[in-house]
Structures are given as C-alpha cells and as structure tokens.
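Notes follow once the structure below has been shown.
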Amino acid sequence: MANIDNDNRAFAVEQRGTEFVPESARNMTPRQLGVFWGGSSLYPFNVLLGVLIYSLGLPLWLTILITVGVGALSYAPVALASIAGARSGMPTHITLRATFGADGERVNALLGWIVGIIYEIINVTVGVFAAVAIFGELGWDDSGDAGLWLGLILVYGLCICLPLLGHATMVFVQKFFSIALGIAAVLLFIALLDDLDLGARAGDALGGKATLQMILIGIGIAWAGGYSYMIVALDYPRYMPTRTPSTSIFWQVLGGSAIAAGFLGLVGAMMASQTDIGFDPVANVKPIVPQWIFVIWIIAAIGGSISNNALTLYSAGLAAQAAGLPLKRWQATIVDGIIAIAGLVYVLFIDSGNFFNNLNSYIVLAIAWIGPFGVVYLLDLWWRNWHVRPEHVDGSPSGPFAGIRGPRQAAWIAVIAGIVISLLTIASPKFTGPIAGALDTDLSWLAGPVVAGTIYWVMGRKQVLAETARLNAAK
C-alpha cells in the first residue's frame, strides 16, 4: 500500500483524498499558493463575466469599475477561508463538519460536487470552442460536429490528466500556465487599447432607476466570479505548514486570484464594447485584433480551460468523497469526469447554442446556496480562530460532531433561511423571485448572506465559542 504521508510529489498519483495531511507532507509555500490561484484565475470564464456585465447596458467605464473592483473583492472571503485550510490540514467539506455536522456536511458536499460539474462543463465548452477556432486557422473551416468531437477529446483529455495526478502536479504546472496566459492577456489588452471608448455601452442610455437596477445585477455577477470558490477554498492550502502566517496566506490568495481575474474581466468588457462577441470570447475576437495575437489568444484559452478545470475537477472529486462516494480520490475524479462528459455532449450536440445564453442563471442560482453557506462557515471558522483539528470532525455516533446538535442546528437554520431569502430576491433568465420581480433587480448576492450571517451570529456564536473552549481545554 502506498505511503500517503509522503506522496505529494509532482507527476505521481496523489493517493491522499479527504484524509488529514500530516506536517511531514506539507511542502507548499505561500508563493506557490499565490501562483496556483493566479494560473487558475487566468481563464476565459472571467472574460465572460466582463461580457455579461457590459451586456446589461452600463457604460464601459462603469462596467470596468464593477468588473475589476467588485471582482477583486469577491476573492477576499476565499483568501480568508484559505487560512483554515493550512490550520486544519483537511479539505473544505471535511473541515466544515465542525460547522455543519459530520452527516449534515454531506449535503453541502453533494451540492458542491454538482456545482463543480457545472463549472467543469463551462470551462471545457470554452476550451472546445477555442480548439475549433484553431482548426479554422489551420485550414479546417466549418469543422462541424467532427471538430467539436475532436476538440472535446483533446481538451478534456488534457483537462483530466492534471487532477488525476493530484495536488503537487497541479501546483507545479500552474506556474507555467500563469506566465503563458498572462502574456496572452496582456497582448490582447494592448491590441484593444487603440479603439477604447470608455463611454461605449450596449444599447441606448438607461434612466436613473434602470441604471441602479443594472448596477446591482452587475455587482451580483462580479461577486459570484470569485465568491463561488468558497466551496473549494480549503482544498489547496491544506498542504501548507500549520504555522504559515495568516497574512501571507491571505495576500497570496487575494493577489494571485484578484489581479488575474480582474484583468481578464477588464479585457472581456473591452472586447464586448468593440465587437459583438456574443458568448464566445474566443472565435469572435478575431475581427478586432491582429491575427498573430488572435492565434496566441485561442491557444491561451485552451490552456486556461485546462488550468482552471484541473482545480475544479480535483475539488469535485474531493467533494464526491466527502459526500460519501466510496472511492479513492483519483477514482472519484474519473467518475466526476464521466458525468461531466455526458453534460458536455448534451451542451455541445443536443442543446447547442443555449448554454452560454443561460450562463447568468447558472451563476446566480449557484450563489443562492454558496452565499449563505460561505458566510456561515466563515463566521464559524473565525470564532474558532481558523483552527479545526481532525478530532473536531469526528463522525462517529459518539463523537462531538455527529448529527446537527448544538451549533450545527444553528448553522443549518441560518443557511436554509439564507437560501429562502436568496430565492425570493433572485433575478435571472431562468427564475425570478417575487421580491426581485417587484424591485426589477437582483439582490440575492447580498440578502442571502446577510440573513444567514445575522441568524448564525445570534444563534450560534456563544455555542461555538463555548464548545471550542471545551475542546481546547480537553486537548
């Protein structure tokens, strides 16, 4: 049997899944964590966020302000949560048994697995479109279904290799993605500067009320871009030494992710203001940039798809294990990949053309759960001073965290209340809640977390602090 205490080596299959990482195996540095998040954030989905916000009809300068400013801030909760990953040495959905209960956290893990698969489909679809664009540059125009199939095989084949090998391999490879994708994004930005018009907008000028409504929707889209990573925040810093300074973890995660994501959102907004790129931020860029930059961009788009999907696939495999799938980590990754392939076949060949049109709905509906869930577990970890040890997540019937007793009950009441208010205030093409309909805007990104956080503060704070004191005293 492989020794999982010392298996975190690049290009070797990581045997550890949701198990605790001992100090002897924690060889990740803060700089590596920052570069990892930078490489993972340099992918076309962040370009699409800029496109989505610009499509609301706001002027380009305001679109950029929202996309870059709010987009950067949206990674701050992820950076805070990452501190607990280094302290606990366990992935997200195991550490959070301390917050939601050993059995109760399986529900969150299952939801995280589902959301992870959806984001895999988004990432790979963009990569496949980029591959088809390359085929066109090589002379294979109108490749049709054959091009889509070949693109799917090439892109997803590469996508699954990195998470299959595991944590150390992804950390090693991401630094190369960071450099290559960063250069491509800068070249695209420079090419777009000549025709920059900060007053440009999609459609006619909006009135004051309509502008405020669109600003709120835009903030929700930008906030979702980074905040959605709350469901995987602890999965990667768990390989860092326990005593790694909190400030180093926070600033490396925030700097690496926010700068990369904000810059690509800026590029997306600029592209949308200069041509009708629709929801294809790859092929539709061709009319507005020199051909050599276009070729570099589409190659980078494939790299970005592979880079980010490695993160998503890896964490989805851990979530599947935490939800109760009785498989090893790499086996769960394969199962996850098979499910995602089925979804990709549907998106690319059966429901072709509608997926990106519904992208706003997928993002907003996911945040209806992630928003309340994230704020509750951030509060819980803060009260625990970010320290959760393996004995604190004991799932045995006699363990202190079995079921949803004590703080677990408060956590679930808070999250469920937050989800309800999120659904009442949500506005998306697929579903609009009654409050959102009356206000004609979306407030779910704010209302759900505020309600959940307030309830948990009132119901759970004293219990968590007292419980933590007892556990620390008995250590």
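Listed values, structure above:
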| quantity | calculated |
| --- | --- |
| Pair list, Cβ < 6 Å and 6+ apart or interchain, from region 437-448 residues that are free of Cβ contacts under 8 Å to residues at least 60 places away in the same chain to residues that are crowded, with 22+ Cβ neighbours inside 10 Å and among the polar types (S, T, N, Q) | Ala447/Thr425 |
| Which numbered condition Ser24 fails, given (1) in a helix (DSSP H, G or I); (2) open to solvent by 10 Å² or more (accessible area, probe 1.4 Å); (3) touching a helix residue (DSSP H, G or I) at 6+ places or on another chain (Cβ under 8 Å); (4) in contact (Cβ under 8 Å) with a residue 24 or more places away in the chain | (4) |
| Test: residue in region 165-177 that is touching an Asp or Glu at 6+ places or on another chain (Cβ under 6 Å), over 19 Å from Ser40 (Cα atoms), crowded, with 23+ Cβ neighbours inside 10 Å and not hydrophobic (A, V, I, L, M, F, W, C) | no |
| Filter pass, Leu465 being at pLDDT 85 or above, open to solvent by 10 Å² or more (accessible area, probe 1.4 Å) and closer than 30 Å to Ile53 by Cα | no |
| Ile299 being at pLDDT below 85, part of a loop (DSSP other than H, G, I, E, B) and of a type outside the set (D, E, K, R) | no |
| Residue count for region 121-130, restricted to those that are farther than 18 Å from Tyr346 by Cα and at pLDDT 85 or above | 0 |
| In region 40-54, the residues that are modelled with pLDDT of 90 or more and open to solvent by 10 Å² or more (accessible area, probe 1.4 Å) | Tyr54 |
| Whichever residue in region 302-352 is among the hydroxyl-bearing types (Ser, Thr, Tyr), closer than 24 Å to Val132 by Cα and in a helix (DSSP H, G or I) and, among such residues, is nearest to the chain's Cα centre (by Cα) | Thr312 |
| Filtered residue count, region 421-475, keeping only those that are part of a helix (DSSP H, G or I) and over 18 Å from Val388 (Cβ atoms) | 26 |
| Of all residues in region 425-448 being of a type in the set (Ser, Thr, Tyr) and touching a helix residue (DSSP H, G or I) at 6+ places or on another chain (Cβ under 8 Å), the one that is modelled with the lowest pLDDT | Ser428 |
| Matching entry among Gly104, Gly69, Gly57, Gly89 (being at positive phi and surrounded by fewer than 24 Cβ atoms within 10 Å (Cβ to Cβ)) | Gly57 |
| Of residues in region 229-257 being small (Gly, Ala, Ser) and either open to solvent by 10 Å² or more (accessible area, probe 1.4 Å) or touching a Leu at 6+ places or on another chain (Cβ under 8 Å) (or both), the one farthest from Val35 (Cα to Cα) | Ser246 |
| First in region 129-140 and assigned to a loop (DSSP other than H, G, I, E, B), second anywhere and surrounded by fewer than 23 Cβ atoms within 10 Å (Cβ to Cβ), Cβ under 7 Å, 6 or more apart | Trp140/Gly147 |
| Exclusive hit being open to solvent by less than 40 Å² (accessible area, probe 1.4 Å) and under 23 Å from Asn308 (Cα atoms), set Ala200, Ala184 | Ala184 |
| Complete set of residues in region 136-158 that are open to solvent by 20 Å² or more (accessible area, probe 1.4 Å) and of a type in the set (Phe, Trp, Tyr) | Trp140, Trp149 |
| Qualifying residues in region 374-422 (those that are on the phi > 0 side of the Ramachandran plot and modelled with pLDDT under 85) - the one farthest from the chain's Cα centre (by Cα) | Gly406 |
| Residue within region 256-276 that is touching an Asp or Glu at 6+ places or on another chain (Cβ under 9 Å), of a type in the set (A, V, I, L, M) and under 21 Å from Val70 (Cβ atoms) present | yes |
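Residue-wise test of (1) buried (at least 21 other Cβ atoms within 10 Å of the Cβ); (2) within 30 Å of Asp103 (Cα to Cα).
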position: Val285; (1), (2): yes, no
position: Ile288; (1), (2): no, no
position: Gln291; (1), (2): no, no
position: Gly317; (1), (2): yes, yes
position: Gly324; (1), (2): no, yes
position: Lys328; (1), (2): no, yes
position: Gln331; (1), (2): no, yes
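The values are calculated or read from the model by the stated rules, or taken from the named source; none is laboratory data. The shown structure was predicted, so the numbers you read here are calculated from the model rather than taken from an experiment. FYI the Cβ positions are ideal-geometry reconstructions off the backbone, even for glycines, and counts take in every protein chain you see. For the accessible areas, the whole protein counts, side chains as well, though only heavy atoms, and no ligand, DNA or RNA atoms are used. Shrake-Rupley method; radii C 1.70, N 1.55, O 1.52, S 1.80 Å.
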